[in-house]
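*Asks:* Below you will find the structure I want to go over with you.
What follows draws every value from the coordinates through simple rules; no lab data is involved. Note that the structure is predicted; figures quoted are calculated from it, not measured. Because the Cβ atoms are built from the backbone with ideal geometry, glycine has one as well, and the counts that use them run over all protein chains shown.
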Amino acid sequence: MGTCVPYIDYSLIPGGIKKEILLEVSRVISLRNSGEHEQYVASVTQLLAQYFQTKFGVAVDSGTTALQLSLSALGVKAGDEVIIPTYTYVATALAVTNLGAKPVFADIKFNDLTIDPDCIESLITSRTKVVIPVHIHGLCCDIKKIQKICMKHKIALVEDASQAHGALIHGKKAGSFGIGCFSLHTSKNLGGIGDAGFIALNDKDLCRKIEQFLTPESPTQTALEGRRTPCTMDAIQAAIIQKKLAILDMVNDQKREIASRYDTFIVSGTIKKAVPMKDSRPVYRDYFILAKNRDALRDRLLKQGIETKPGYVPLHLSKPFDRFYGHRQKLPVSETIAGQVLLLPSFFGLSDGQLKRVCAVLRGIKNA
């Protein structure tokens with residue numbers, strides 16, 4: 001059977017917005033020099049900072065760059081430690097290891113797969129410089145509790161909000177509690193066509209320091225410290241993102257509606273669903289379930305023409321990060337859910353018929 005429900009479909013951009021994107025890209029192509037390009041990107045940067053509820057912003061070429069430059073600006077260097085959740089996309093860890101620093105892996109909460117704040121303090125040492133909580137799959141972590149821990153120990157807070165554009169925590173945007181780092185890849189609720197990223201922050205001096213990393217004159221000390229140069233967002237990506245920003249709230253609303261309908265339709269007692277943190281408003285970049293026989297379930301769905309995607313492998317269980325983990329402690333929740341996380345189709349533009357088909361097939365699979 002051919003695929004009738006794809007996992008993702010990037011082409012489903014509303015027709016009116018698609019036309020506006022093409023017109024805006026045409027405008028950017030007509031810009032005459034790098035100065036005009038920089039002014040254009042600066043104008044989009046202001047729009048993004050305003051949306052994410054911060055005073056300043058820096059537009060960059062990827063979410064990984066956003067994280068790494070933020071860490072560089074905070075002075076993270078070889079020998080330092082950065083606490084991150086073990087269940088995350090690998091870029092969170094690469095931003096740390098690219099600077100020669102050590103990622104220290106923390107366990108997660110079963111209900112929403114975000115970092116468990118109660119595990120953080122025991123991991124703090126004299127070498128700990130930063131904590132990077134991740135709003136994973138568009139669900140919000142307990143950022144206020146983590147913020148208090150960071151303030152108590154005088155540790156910087158960098159939010160990986162790459163999957164949480166527009167998510168709310170106690171009415172405040174994810175990414176505005178610390179230094180907010182966003183991926184603007186095509187796969188995100190807000191993205192360009194390819195890679196882009198953004199840093200949202202309220203510290204003017206830190207913002208200027210990050211900006212110095214973007215296009216430093218070489219050879220300079222700044223170029224050596226940044227390690228990811230040049231790394232500005234290009235004007236064409238900025239044009240696309242500007243136009244898609246106008247529909248981000250609509251995209252998020254549809255993703256929430258899809259999640260709500262999955263929650264209602266999926267009633268199998270053997271399938272576990274996410275329980276978002278209280279007083280948060282997630283944006284469901286992904287809709288995940290937990291199934292003990294995930295791979296068999298995934299195969300059965302594919303035979304019915306439904307594409308899905310496995311969740312992340314906890315980083316402390318992956319060979320490239322063995323040397324950082326050292327097997328000093330167990331991370332029981334992460335190790336329990338490893339191999340259970342399955343991401344269902346939940347892309348913007350998923351039709352009513354497609355969603356009903358996924359739910360019908362899941363209901364028809366006994367002992368899922």
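*Asks:* What shape does the chain have by the C-alpha gyration tensor, where a ≥ b ≥ c are the square roots of the eigenvalues, rounded means a/c under 1.5, and otherwise prolate means a/b greater than b/c and oblate the rest?
*Replies:* It is oblate, given that a/c is not under 1.5 and a/b is not larger than b/c.
*Asks:* Placing +1 at every Lys and Arg Cβ and -1 at every Asp and Glu Cβ, with all other atoms neutral, what dipole size does the chain have around its Cα centre, in debye to the nearest 20?
*Replies:* Values: 47 positive and 35 negative charges, 176 e Å.
Computed charge dipole of the chain: roughly 840 debye.
*Asks:* Would you work out which of ILE210, GLY35, PHE347 lies farthest towards the positive end of the dipole of the chain, given +1 charges on the beta-carbon of Lys and Arg and -1 on that of Asp and Glu, about the Cα centre?
*Replies:* Going by the Cα projections, it comes out as PHE347.
*Asks:* To continue, here is another question. Charges at C-beta only: +1 for Lys and Arg, -1 for Asp and Glu. How large is the resulting dipole of the range 249-364 about its Cα centre, in Debye rounded to 20?
*Replies:* Working: 21 positive and 12 negative charges, 69 e Å.
Dipole of the range 249-364, to the nearest 20 debye: 340 debye.
*Asks:* Cβ neighbours within 10 Å, averaged per peptide: list 274-282, 166-174 in order, most packed at the top. Write down the numbers at each step before the final one.
*Replies:* Numbers: 274-282: 17.4, 166-174: 19.2.
In descending order of packing, they fall as 166-174, 274-282.
*Asks:* When the helices in the chain are scored as -39500 (n - 2.57) per DSSP H run of 4 or longer and the sum is shared across all residues, what 222 nm value do you end up with, to the nearest 500 deg cm²/dmol?
*Replies:* On the way: 13 runs with 141 residues, N = 368.
My calculation for the chain gives -11500 deg cm²/dmol from helical runs alone.
*Asks:* Something else now. List the pairs from LYS255/LYS303; LYS173/LYS303; LYS244/LYS309; LYS145/LYS330 whose alpha-carbon separation is above 30 Å, in the order I gave them. List each step's numbers first, then the result.
*Replies:* Details: LYS255/LYS303 25 Å; LYS173/LYS303 40 Å; LYS244/LYS309 25 Å; LYS145/LYS330 23 Å.
As for pairs spanning more than 30 Å Cα to Cα, those are LYS173/LYS303.
*Asks:* Of the listed peptides 150-160, 197-207, what is their order by residue-averaged count of other C-beta atoms within 10 Å, with the highest listed first? Let's see the in-between values first.
*Replies:* On the way: 150-160: 19.1, 197-207: 21.0.
Ranking the peptides 150-160, 197-207 by packing returns 197-207, 150-160.
*Asks:* Compute the Cα gyration tensor for the range 249-364, then decide on rounded, prolate or oblate, letting a ≥ b ≥ c be the square roots of its eigenvalues: rounded whenever a/c is under 1.5, prolate when a/b is larger than b/c in the other cases, and oblate in all that remain.
*Replies:* Numbers: a/c = 2.13, a/b = 1.55, b/c = 1.38.
It comes out prolate by the Cα gyration axes.
*Asks:* Highest mean first, what order results for 137-149, 81-93 on Cβ atoms within 10 Å?
*Replies:* On the way: 137-149: 21.7, 81-93: 24.3.
By packing density, highest mean first, the sequence is 81-93, 137-149.
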